[in-house]
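Notes follow once the structure below has been shown.
The values are calculated or read from the model by the stated rules, or taken from the named source; none is laboratory data. Since the structure is predicted, the reported quantities are computational estimates derived from the model, not experimental observations. Neighbour counts run over all protein chains shown; Cβ positions are idealised from the backbone, glycine included.
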C-alpha cells in the first residue's frame with residue numbers, strides 16, 4: 001500500500017473504537033523508549049508501537065520514582081511535611097514549598113509578613129529560571145545540539161550559587177516554610193544577582209543565535225507536536241504549553257498571588273502551538289523572569305520580619321478545613337489540595353503537577369503519527385517532570 | 001460565589017456552600033447529580049478546566065469524598081464539587097468523555113483508593129504500582145508498618161567499632 005500523506009485516518013480503528021493493530025502481522029514493532037534512554041524526560045518510559053518509522057500508539061508508563069509522598073505526609077506533623085515536599089520536584093522544588101506553606105497558613109489563619117512575600121516571589125522566579133535553563137538544554141539535546149546544554153548548565157550553576165548563598169542549599173532549598181521564609185537576603189546579594197542575570201541574558205542571546213536560528217532545529221520543530229487550542233481545557237493543558245497555543249493562561253496574572261499584582265508584566269504568548277513555538281515562549285518567559293527579578297530587587301522592603309510567630313510546632317493542630325493553592329511554575333499550574341481534620345496531621349494532601357496531564361493523556365494523543373526520531377523532541381517540548389506525576 | 005450557588009441550587013440539590021476564599025468554594029452534590037452538574041458548570045458557567053480529581057478517605061465516617069475541582073479562568077474562580085461515596089464497594093461514574101484527562105485521575109484512584117470507574121479507559125491497568133494485590137495503599141486502613149514488616153526482611157546492622165580503638169589497631173597492630 002502506498003504511503004498516504006493524510007494520516008488523520010491512520011491507524012484505523014475497529015468498530016469498538018480500539019486501534020486496529022495486529023502485532024502478529026509483522027507490520028508492527030513494540031519499542032520501549034525509557035526508562036533508561038537519552039531521549040526520555042526523567043524516570044518514565046513510553047511504550048511505542050511503530051509501523052516503519054511512524055508511531056501508531058504510545059502509552060506512558062510511570063512508577064519508577066514513586067515514593068508515596070502524599071501518604072507519607074498523612075503520618076507527619078505539619079512542620080515535618082515541610083522538608084518533605086520540596087523533594088517532589090527536583091529541578092524546581094520551590095513551588096512545592098510555597099504551595100504547601102500557603103495552604104497551611106490559610107487553614108491555620110497565619111498572617112505572613114510582607115517582606116516574606118517579596119522574598120518568596122524572588123525565589124520562585126529564580127527557580128523558574130533554573131527550570132527553563134534545564135529545559136532549553138534538554139530541548140536542544142533531543143535534536144543533537146549538545147552545546148546548548150553545556151551553556152545553559154553553566155549559567156544555571158551561577159543561579160544555584162545564588163540559591164546557595166541565600167539558603168545554604170543548591171537543589172532542595174527548604175527556604176519557604178509555613179509562616180514565612182527562613183531569612184532575609186545576604187549582604188551584596190543584589191550585585192551578585194545582577195551579574196548572574198547579565199550572564200544569563202548574554203547566554204540566551206547566544207542560544208537564540210545558535211538554537212533558534214539553526215536551520216536543522218527549525219526544520220525539525222516547526223509544525224511538530226501541534227496542540228489544537230480547542231483541546232487545551234479538555235486535556236488540562238496549562239503554562240507555556242497553553243500559551244504557545246495562543247491562550248494566555250498564566251496564574252500569575254489570572255489569579256495573582258504573592259506580590260505579582262504589584263509587578264509589571266504580561267504573559268508571553270505564541271501562536272503556532274508547535275515544538276518551536278513552545279521553546280520560544282519559554283525562552284521569552286525566561287527573559288521576563290530576569291526582568292521580574294530586577295523589579296523585585298528594586299522594590300522589595302529591606303527590613304522587617306520574615307516569619308510570622310508560629311505556635312508550638314510539635315503540638316500544632318489545624319482546624320477542620322480544605323483549600324487549594326496554585327501557582328504558575330515553569331511547566332504550568334502547580335497546586336496543593338490540603339484537607340485538615342482538626343488533628344496534628346494533614347488528612348489528605350494532593351499535589352497537582354502540570355506533568356500529570358501533559359505527560360499522560362496529552363502526550364499519548366500527540367505521539368500518534370509522529371516519526372520515531374521526533375518522539376524525544378516532542379516529549380521534551382511538553383516539559384514534564386515524572387516525580388510530580390507519581391508523587 | 002454566592003450568586004453562582006444561588007443559580008445552581010435552582011437546578012441541583014446541593015449541600016451547603018463552604019466559601020474558603022472569595023475565589024474558592026466547595027459544595028457537595030449527590031452522586032446521581034454529579035454528571036449533569038459538571039456539564040452545566042462546563043457549558044453554562046464557564047468552568048471549562050478540570051484542575052484535579054482526587055479522593056479523601058473519611059474512614060471513621062465510612063465513606064470516600066471525591067473532589068472535582070473546577071476552574072473558571074475568565075471569572076477567576078474555582079469550585080470544588082464534593083461527592084460522598086460508600087467505601088465498599090466504592091464505585092463512581094466515569095467522566096472521561098467530558099475531560100479525556102480525567103481517565104488518568106480515575107486510573108490512579110482505582111489503584112490507590114480502590115474506587116472503580118467502570119468504562120474508563122485502561123482503568124484496570126497498573127498505573128504506578130505493579131502487581132499490587134493488597135489493600136489499596138492510600139486508604140487510611142492500609143497499615144504501612146505492617147506491610148513493611150511483612151514484605152521486607154530486616155537488615156542486620158553493620159558491625160561497628162570504637163574509632164579510637166580501630167585506628168590504634170590499624171596504626172600499631174603489634175602493640176595490641
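Residues that are under 25 Å from the mean Cα position of the chain (by Cα) and crowded, with 19+ Cβ neighbours inside 10 Å within the range A:42-60 comprise A:42, A:44, A:45, A:46, A:48, A:58, A:60, listed in sequence order. Reported count of residues in the range B:67-126, each being within 12 Å of chain A (Cβ to nearest Cβ), under 14 Å from the mean Cα position of the chain (by Cα) and in a loop (DSSP other than H, G, I, E, B), is 1. Looking at the range A:261-268, can you tell me whether even one residue there is in contact with a strand residue (DSSP E or B) (Cβ under 7 Å, 6 or more places away or on another chain) and outside any helix (DSSP H, G or I)? Among the residues of the range A:261-268, not one is in contact with a strand residue (DSSP E or B) (Cβ under 7 Å, 6 or more places away or on another chain) and outside any helix (DSSP H, G or I), which makes the answer no. Among residues of the range B:19-38 that are within 14 Å of chain A (Cβ to nearest Cβ) and closer than 15 Å to residue B:7 by Cβ, those with a Cβ under 7 angstrom from a residue that is assigned to a helix (DSSP H, G or I) and modelled with pLDDT under 95, sequence gap 6+ or separate chain, pair up as B:27/B:5.
Within the range A:105-123, being in contact with a strand residue (DSSP E or B) (Cβ under 7 Å, 6 or more places away or on another chain), closer than 23 Å to residue B:23 by Cβ and part of a helix (DSSP H, G or I) holds for A:106, A:107, A:116, A:120.
Got at least one residue in the range A:176-183 being surrounded by fewer than 14 Cβ atoms within 10 Å (Cβ to Cβ) and either in contact with a strand residue (DSSP E or B) (Cβ under 6 Å, 6 or more places away or on another chain) or away from chain B (no Cβ under 14 Å) (or both)? So far as the range A:176-183 goes, yes, one or more of its residues are surrounded by fewer than 14 Cβ atoms within 10 Å (Cβ to Cβ) and either in contact with a strand residue (DSSP E or B) (Cβ under 6 Å, 6 or more places away or on another chain) or away from chain B (no Cβ under 14 Å) (or both). Just one of the numbered conditions (1) touching a helix residue (DSSP H, G or I) at 6+ places or on another chain (Cβ under 7 Å); (2) surrounded by fewer than 21 Cβ atoms within 10 Å (Cβ to Cβ); (3) free of Cβ contacts under 8 Å to residues at least 40 places away in the same chain is not true of residue A:168: (1).
Among the helices (runs of 4 or more DSSP H) confined to the range A:335-391, there are none with at least 3 residues that are within 10 Å of another protein chain (Cβ to nearest Cβ) and touching a residue at least 24 places away in the same chain (Cβ under 8 Å). Scanning the range B:27-65 for residues being touching a strand residue (DSSP E or B) at 6+ places or on another chain (Cβ under 7 Å) and in a helix (DSSP H, G or I) gives a total of 5. Contact map, the range A:311-323: residues that are closer than 15 Å to residue A:74 by Cα and away from chain B (no Cβ under 14 Å) paired with residues that are at pLDDT below 95 and not in a loop (DSSP other than H, G, I, E, B), Cβ distance under 6 Å, separation 6+ or inter-chain. Pairs shown: A:316/A:78.
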